[in-house]
Amino acid sequence: MSVDSSDGTEEPGWDVDPEDEQGVAVVAALGRQLKVWREEAGMRAAEFGAAIQYGEDQVRKVEAGKRIPRPEYLDRADEVLNAGGKIKAMKVDLEQVRYPKKVRDLKQREAKAVEICTYNNHNIHGLLQTEEYARALFEMAQPPQSPEQVERGVAARLARQSIFERSPQPALSFVQEEVTLRRTIGGTMVLRGQLERLLELAGLRNVTIQVMPTICEDHAGMGGRIQVLKFGDGTAVGRSEGIFNGRPVSEHKQLQILDLRYGMIRAQALSPRESRAFIEKLLGET
């Protein structure tokens, strides 16, 4: 997260996307409530900012609904304004709009899924990424992202990983191209940490991780990345880069094609046991 060099205090959050109607409405309402609490306490913006260790300019941006505050901002505000937990309670509303809309939508779909199947050929799937690996990916994006955009992207990606704490647990199946396990995204130590994370997750009963070896002569995944989310009511949504123009699909016939391709990819990949041994060997070599 970037730092406000003018007064040495932290940035309180992220800018609001004006095209995110839900986000704009929620953050504007939250800002108005914070301003009312501050004024009723008889505190000026500068005084309040000093008390919670944020700059006056940042306080005014939050109160004007132009800035999404971090949860810590609300915690400090609640204590300074003696709100008795009422300001802290706003974190529930804030959580709904804290991240970009497309990430929120994806997180909601993943939260409803009873099964997720995904084949990945360029990098490690987002649900499996360590913080350091995810940050390295965002930092190498082109055009370059600002430090604020990088941190927001990393935070949003890690938030999706709450899926591993769900009960009942969804069935999660991942097939990773061998090259994604060898490419030193972020450097050797970042890759080592990522491989260790894969082994940790592979030990979960509801998680299956397989490796598609580079030497495989037959490969049903040459059309690119595939992801299918299946829901408890029998519906599903899927997407693949190499078919249906890369758009999400939900019709039965379209999903059958994705299921066929993914099933073949799993059959051609190393088994889960072989994949674990492969990752362990690779970790020892890294």
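Observations, loosely collected:
- Solvent-accessible area, 1.4 Å probe, carbon plus sulfur percent, for the chain: 49 percent
- If R0 is taken as 51 Å, the Cβ-Cβ distance between ASN206 and ALA46 corresponds to a FRET efficiency of 0.50.
- Pairs of Cα atoms farther than 15 Å apart, the stretch 236-286, %: 59 percent
- Computed from label points 7 Å out along Cα-Cβ, the spacing between SER167 and GLU56 is 5.0 nm.
- The chain pair-distance distribution - Cα-Cα, 5 Å bins, rounded %: 1, 5, 11, 13, 14, 14, 12, 9, 8, 6, 4, 2, 1, 0, 0
- The Cβ shell under 12 Å around GLN194 holds other residues with a net charge of +1, Lys and Arg each +1, Asp and Glu each -1.
- Links that overshoot a 21 Å alpha carbon limit, given the list LYS66/LYS88; LYS35/LYS86; LYS86/LYS107: LYS86/LYS107
- Summing +1 for each Lys or Arg and -1 for each Asp or Glu among the other residues whose beta-carbon sits under 15 angstrom from that of VAL249 gives +4.
- With bins 5 Å wide beginning at 0, the percent of Cα pairs of the stretch 177-279 falling in each bin runs 2, 11, 19, 19, 19, 17, 10, 3, 1.
- Pairwise FRET efficiency - VAL36 versus ASP259, Cβ, R0 = 45 Å, nearest 0.05: 0.25
- Solvent-accessible surface (1.4 angstrom probe) belonging to ILE243, in square angstrom, nearest 10: 30 Å²
- Estimated distance in nm for a label pair at CYS216 and LYS101, the labels positioned 7 Å out from Cα along Cα-to-Cβ: 3.7 nm
- Here the 3J(HN,Hα) profile of the stretch 30-40, calculated from phi with Karplus coefficients 6.51, -1.76 and 1.60 at θ = phi - 60°, is 5, x, 4, 5, 5, 5, 4, 4, 5, 5, 5 Hz, Gly and Pro shown as x.
The values are calculated or read from the model by the stated rules, or taken from the named source; none is laboratory data. If you're wondering where the values come from, they're calculated on a predicted model, not measured in any experiment. Neighbour counts run over all protein chains shown; Cβ positions are idealised from the backbone, glycine included. Accessible surface is based on the protein model in full, side chains and every heavy atom, while ligands, DNA and RNA are left aside. Shrake-Rupley method; radii C 1.70, N 1.55, O 1.52, S 1.80 Å.
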